[in-house]
Each structure stands twice: as C-alpha cells, then as structure tokens.
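The values are calculated or read from the model by the stated rules, or taken from the named source; none is laboratory data. Keep in mind that this is a model prediction, so the values were computed, not measured. Using ideal geometry, Cβ is built from the backbone for each residue, glycine included, and neighbour counts are taken over all protein chains shown.
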Amino acid sequence: MPNFTCATAPYSFYGRMRANQTRSGMLGPAPAFISYNTGSLDNTIAMSSNNSSGFVYQAMYSNGNEEEETAYDWADNRHVGQVALGWVGERLRLGTVLSYERFSHVVEGKDRKDDAMGIHLIASYDMSPLTISGIVYLATNERRIGNKTGLDGLLDLGPNHKFDDRSEGLDMQTVYLSAGYTMGPHYFAGSIGWLNAELNGSAEGYPQDDGAAFLGALVYYYSLSKRTQLYAFTSFMDGKQLLDAGTDFNQTTGGFGLMHKF
C-alpha cells in the first residue's frame, strides 16, 4: 500500500471523493505532488466502509517493512498511519485525510528524524455534465516531494550538509484543481496545481530556502465502448524555483493510447 490515498479500488479515497477529474495517475495530469507516498511497506492493516453514499471512512497502519523490523525493535521502527473521513452526497462530496509517519531510527548517534504529519482537504461538486474538484494539502516535516525521495541529490545545502542528516523535514503547502466535462462519448478534463516547499534553517548551519512549482495538464478520452477508451494528454511542470532544485522538476510530457478494462 505505498500510496494509500490515491491507490486504486477499494482504497482510493481520492477516487471516492472524485478529487482527480483527469482520471489519470500519470505524472502531470495527476496530483502527484499531493499524493502521500510512503515508499516500501510490506505489512499493512487497512479497513474501509463499503457504503457508496453518506458518511464514509477508511484507515490504515503499517510499521514499515521486514528489513527494518529485523534490524530494529518494533518501538523504534517506522510507524505509518492514515485516517480518512468523508461525506458522499448526490452532487457534493467532502473529505479529509490525516497522515502520520514516524521514520526509522537507523543511524546510531544521530537525532531521530522529526515525525511527518499532513492533512488533505478535498471537495468536489457534480454539475453534470461538468464536475469540479479541489485538494489542499498541508504538511510538516515531509521528506519527499511528490514521487521524489532522494532529495540529497536535488537540494544544495552546502558542503558537509545533507538533507537526510537533518532531523527537520520540509513544510509544504499544495493546491490542486481539476475539472471534467462529458459530451456523449467525449470526455475533456484539465488540471492545475501549485506547490510551495520551505526548508527551515538551523543552528547547525543549514541554509533556509523556499520555492514553488506549478503544473498543468489537459486530457481527452473517447469511449469506444463501456470498457474501451482512446486517450490523449499533455502536461507541463515548471519547478525552476522549487528549492533551487534546477531542472529536475521541469518537464513537458504528452502521450496517447488505448485503454481496455478487463
């Protein structure tokens, strides 16, 4: 369950809330900067209500993976948890997700990394044939930016300073908006997103930094049948100002293909 918030059925809370109108998981159209990506987990307990309307909930807990469990006792191991609560109405859907992670204490003699906490606020409204949705994500001590985990190679913190050695992570604020319009067999969707990340300075001589990234996408689907669709998309991401990370967060993508649900 590396991506509980945005995973496929039955545990996609973003899906339940219609939060991603592009209906795509590809980087660019999807809210990739917002998704709570915990990385490798190989033991997880998850639960979810099975009602399709009204009050819905789901939750998960994991204490990491087998390698960490073998090397370190359970109390010092990773602890990852999420609780999601929402309301599913005929047109309006509202939800929130609370995320928590206690990182592994794997280096003796160094301070434990501060716990990461985040909250997702989600809303969507169906004005058929138009549906709109929005996500706000606020986090403290995040150690990932979207699907980027190896931030040491991206953040220039000066000589003898590594992001991975810091106990404090990133403060992040993210907004993602998407809309979809249905016209017969045609479906048009678009999304825009903004992320701001802040790296606080410290007494050990780490610099203070902050910066923003922007993304946008257009997606088109054509239904050949109930289970088969043609699709095409294009997306653009501008991350030149994101924590002086250079071009790693800049990209323009495009593609088309055929999708069939078996």
Only one of GLY211, GLY239, GLY205, GLY201 is more than 27 Å from LEU130 (Cβ to Cβ) and in contact with a helix residue (DSSP H, G or I) (Cβ under 8 Å, 6 or more places away or on another chain); which? GLY239
For the range 208-221 the number of residues that are touching a strand residue (DSSP E or B) at 6+ places or on another chain (Cβ under 6 Å) and farther than 23 Å from ILE192 by Cβ is 1
Considering (1) closer than 17 Å to GLY25 by Cα; (2) in contact with a Ser or Thr (Cβ under 9 Å, 6 or more places away or on another chain); (3) among the hydrophobic types (A, V, I, L, M, F, W, C), say which one LEU195 fails and leave the rest. (1)
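Take GLU198 and tell me if it is outside any strand (DSSP E or B) and either in contact with a Gly (Cβ under 7 Å, 6 or more places away or on another chain) or within 22 Å of TYR36 (Cα to Cα) (or both).
Answer is no for this residue.
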So which of GLY158, GLY150, GLY95, GLY146 is of a type outside the set (A, V, I, L, M, F, W, C) and at pLDDT 80 or above? GLY95
Out of (1) part of a strand (DSSP E or B); (2) farther than 30 Å from LEU258 by Cβ, what's the single condition that is false for GLY190? (2)
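For every residue, the table says whether it meets (1) surrounded by 14 or more Cβ atoms within 10 Å (Cβ to Cβ); (2) at pLDDT 90 or above.
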site	(1), (2)
TYR221	yes, yes
GLN229	yes, yes
GLN251	yes, no
PHE256	no, yes
LYS261	no, no
Testing MET183 on (1) over 25 Å from the mean Cα position of the chain (by Cα); (2) under 21 Å from ASP248 (Cβ atoms), one condition comes back false. Which one is that? (2)
Check the range 69-77 and report whether any residue there is out of contact with any Cys (no Cβ under 6 Å at 6 or more places or on another chain), surrounded by 19 or more Cβ atoms within 10 Å (Cβ to Cβ) and modelled with pLDDT under 90. yes
Of the criteria (1) small (Gly, Ala, Ser); (2) exposed (fewer than 14 other Cβ atoms within 10 Å of the Cβ); (3) at pLDDT 95 or above, which one ALA203 fails: (3)
Going by the conditions given, is GLY54 out of contact with any Pro (no Cβ under 7 Å at 6 or more places or on another chain), more than 30 Å from GLN251 (Cβ to Cβ) and surrounded by fewer than 20 Cβ atoms within 10 Å (Cβ to Cβ)? yes
